Amino acid sequence: MKSFPAFFDLAGKTVVITGAGEVASRKARLAHAAGARIVFAGSALNEDLVEEWRDLAEFDARSPSPEVFADAQFAFVASASDEEAARLSDLARAAGALVNVVDRPALSDFITPSIVDRGDVVVAISTGGAAPVLGRRLREKIEALLPHRLSALSAFARSFRDAVAARLAAEDRRAFWESVFDGPIAARVLAGDETSAREAMIDAINRPHTAPKTGVVHIVGAGPGDPELLTLKALRLLQSADVILYDRLVGDEILALARRDALRLYVGKAKSAHAVPQEEIEKRLIEHARAGKIVVRLKGGDPFIFGRGGEELDAVKEAGIEAYVTPGVTAATGCAASAGLPLTHREISQAVTFVTGHAKDDGEPDLDWAALARLGHTLVVYMGVGKADRIARNLIENGRSGATPVAVIEKGTTADEKVLKGRLADLGFLIRAGGVAGPALLVIGEVAAKANGQALSHLAASERRAA
Ligand code: SAH
């Protein structure tokens, strides 16, 4: 360990900053966030800096002298030559301040780490001045892991500290707090529902030994395939989960982001086998939550778009278990972005409709084809591959032109993505000739012509005949 980490209380303390530019401003922002009194010393201040700090800092236009540093507990020396920096540091040290010369660890008493700021909770990362960019990279990773409302959670915990201490014996407190942070109370605070979290907390404090340990279910969208399309929240929940129930559409790369000791249960359809029945999935969600686990139900795309997330939410809530939903990038928006196909376009399509080609028990979806054909805007069909011929026929018979552009996007946003383009009249052929086998989306409408993909005319004539 090259640098020893320590946290200083800067509230009301004086921090003197010499230097006039963005670097000086950056240090001032840190000190200001910690409640320090800030003094910019020197006359060559730039306009942006003065504008930003006019009401938040003081300005001392004298050229830095011992008096300028008289009250300083900390000093930042920014944008000076080595010689000037040494002179200013000596002045500051003589006045009793600790000095940081920006980007010159060798001349500094302390260095400023990369910081993740969540109110009371602060994470500081130092590379001992060796590789600040690496430090910043690590910071981004930690930022992504820590919930945004962590500051609310720590403030919440602080407000109950005395009450818990008064009520529970010292040896029971740790387990009690763990159950708070791992359970529904913290989940409520992090979801922004502080009122009910407070009620639950008061209950738990009053009956610390009788309260059964209950878990929570998070229904989480995993996006269309590319792990980078996970939301920060989905990533965090994945890493907090004790149990993960996942579908066929969720790839290994995404599961690899879960905690190593999490129980992973596959509940999707295996090739040629049947999926775990929906009631069984719901039963398992409830059982694991009742056993006090943090359960993540991980679903492809967005849980509320053709994902049966609504049914699962109802079932879990009916069982009296706390449940939350985290959205995901749905296949339509993910695939469209990946294929460079705008779902709406000011000139050619003013709306977009998502439909499913599939219905309960393999039946026909209850769709008004005449209405859909009449709309004339972008139509995105999920689960439509097997019924593509019928879908095209229904639309054409109801008046949509057979020449309407279509795009078929298979395994969109993954390394195996395939994009095929053609005309509505050839939709079924396009799928067969293109050998589409994986999950695929059909996009029907003028915008489909804009997709970066393989046009039908590029397929060999023999494939056309074979299809
Ligand atoms: N809840 C999911 C959809 C589940 S239905 C979502 O919001 O995306 C399953 C259908 O979604 C598939 O049949 C296919 O039509 C579509 N789909 C899901 N992932 C896809 C992908 N990566 N590429 C193309 N289509 C996809």
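The values are calculated or read from the model by the stated rules, or taken from the named source; none is laboratory data. These numbers were taken from a predicted model, which means no experiment stands behind them. Every residue, glycine among them, receives a Cβ derived from its backbone with ideal geometry; neighbour counts consider all protein chains shown. All accessible areas refer to the heavy atoms of the entire protein, side chains included, with ligands and DNA or RNA removed. Shrake-Rupley method; radii C 1.70, N 1.55, O 1.52, S 1.80 Å.
Below, the figures for the structure above:
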quantity	calculated
Failed item, numbered, when Ile396 is tested on (1) more than 17 Å from Gly445 (Cβ to Cβ); (2) touching a Gly at 6+ places or on another chain (Cβ under 6 Å)	(1)
Members of segment 278-298 found to be within 23 Å of the chain's Cα centre (by Cα) and among the basic types (Lys, Arg), listed by number	Lys293, Arg297
Long-range neighbours under 6 Å by Cβ, at least six apart or interchain, first residue closer than 14 Å to His218 by Cβ within segment 303-315, second in a helix (DSSP H, G or I) and more than 12 Å from the ligand (Cβ to nearest atom)	Glu312/Glu282
Selection within segment 334-354 - more than 9 Å from the ligand (Cβ to nearest atom) and closer than 30 Å to His218 by Cα	Ala336, Ala337, Leu343, Val352, Thr353
Qualifying residue in segment 382-393 (condition: in a loop (DSSP other than H, G, I, E, B), surrounded by fewer than 18 Cβ atoms within 10 Å (Cβ to Cβ) and out of contact with any Leu (no Cβ under 6 Å at 6 or more places or on another chain))	no
Set Thr195, Thr231: member being over 22 Å from Ile142 (Cβ atoms), hydroxyl-bearing (Ser, Thr, Tyr) and under 29 Å from the mean Cα position of the chain (by Cα)	Thr195
Any strands (runs of 3 or more DSSP E) falling wholly within segment 6-109 and containing at least 1 residues that are over 33 Å from the mean Cα position of the chain (by Cα) and among the hydroxyl-bearing types (Ser, Thr, Tyr)	14-18
Test result for Leu375, surrounded by 13 or more Cβ atoms within 10 Å (Cβ to Cβ), modelled with pLDDT under 95, in the same structural domain as Ala455 (by TED's automatic domain parsing) and of a type in the set (A, V, I, L, M)	yes
Hits in segment 395-431 (condition: on the phi < 0 side of the Ramachandran plot and touching a residue at least 60 places away in the same chain (Cβ under 8 Å))	Ala407, Ile409, Gly412, Thr414, Glu417, Val419
Count of segment 408-431 residues which are assigned to a helix (DSSP H, G or I) and of a type in the set (Val, Ile, Thr)	1
Qualifying positions in segment 81-107 - out of contact with any Asp or Glu (no Cβ under 9 Å at 6 or more places or on another chain), farther than 26 Å from Ile142 by Cα and surrounded by fewer than 20 Cβ atoms within 10 Å (Cβ to Cβ)	Ser81, Asp82, Glu83, Glu84, Ala86, Arg87, Asp90, Ala94, Gly96, Ala106
Options Ser151, Ser159; residue that is in contact with a strand residue (DSSP E or B) (Cβ under 9 Å, 6 or more places away or on another chain) and in a helix (DSSP H, G or I)	Ser151
Any hit, segment 347-369, residues being open to solvent by less than 20 Å² (accessible area, probe 1.4 Å) and assigned to a helix (DSSP H, G or I)	no
Filter result for Lys387 (more than 18 Å from Ala339 (Cα to Cα), among the charged types (D, E, K, R), in the same structural domain as Leu367 (by TED's automatic domain parsing) and within 12 Å of the ligand (Cβ to nearest atom))	yes
Candidate set from segment 407-423 (those that are aliphatic (A, V, I, L, M) and open to solvent by less than 10 Å² (accessible area, probe 1.4 Å)); member that is nearest to the ligand (Cβ to nearest atom)	Ile409
Ser25 being without any contact (Cβ under 8 Å) to a residue 40 or more places away in the chain and of a type in the set (Ser, Thr, Tyr)	yes
